[in-house]
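The structure under discussion appears below in the form of structure tokens.
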Amino acid sequence: MPRVLIMQTTRMGDTLQTSPLIRQVRQTWPDAHIAVMVRNMGKTIAERHPDVNEVILYNEDDMFLHMQSQDSGRFLEAYRLARDLVDRVRAGRFDIAVNVTHSLASAMLLKQAEIPEVIGAHLSDDWHLVLRGRWPTYFFTSVFSREFNDLNLCDITRHFVPSSP
């Protein structure tokens, strides 16, 4: 039974548009444990999805607010929040992560969590931002390079899932 983490840490609408990806993971691996990492605004959507077994809250806003302050105590609190999140993800012992958030912060978190396979934005061994997977590469390059996209985000992200972990 593979343990899969789907990381969608952007807006509520993006969380909703991740639903076909979650469904595709369940169809690909019927016995998988599926965890979804979302911001608080996407929590209810993730909790009510029938294929989601676990919801992990991503509290980036609090972390960055603490980091931006000039108070060293708050900076240490930001570090503690980040460390606790990495520890929680590590404890999940995920076999694969699908990162549909194209951010350095999400890639760093997954790198620190030491998940064996990451699809989407990830950090290489020498800490460069890389994209893994054919569809994530398409999405994060060509979609943003044109004014109009003939594919919906739902159509793209559901193809992020490989055939086996």
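Only the coordinates and a few stated rules stand behind these numbers; no lab work does. Note that the structure is a prediction, hence the values are computed from the model and not measured. No Cβ is skipped: glycine too gets one built from the backbone with ideal geometry, and neighbour counts run over all protein chains shown.
Some points to look at:
- In the stretch 1-57, the residues that are of a type in the set (Val, Ile, Thr) and in contact with a Pro (Cβ under 7 Å, 6 or more places away or on another chain): none
- Qualifying position, being under 18 Å from SER103 (Cα atoms), touching a residue at least 12 places away in the same chain (Cβ under 8 Å) and over 14 Å from the mean Cα position of the chain (by Cα), among ASP51, ASP62: ASP62
- For GLN24: the one exception among (1) within 26 Å of HIS128 (Cα to Cα); (2) over 14 Å from the mean Cα position of the chain (by Cα): (1)
- Residues of the stretch 52-101 satisfying the condition of being more than 15 Å from ARG39 (Cβ to Cβ), charged (D, E, K, R) and touching a helix residue (DSSP H, G or I) at 6+ places or on another chain (Cβ under 8 Å): ARG74, GLU77, ARG90
- Qualifying residue in the stretch 10-20 (condition: β-branched (Val, Ile, Thr), touching a residue at least 40 places away in the same chain (Cβ under 8 Å), within 19 Å of PHE94 (Cβ to Cβ) and surrounded by fewer than 20 Cβ atoms within 10 Å (Cβ to Cβ)): no
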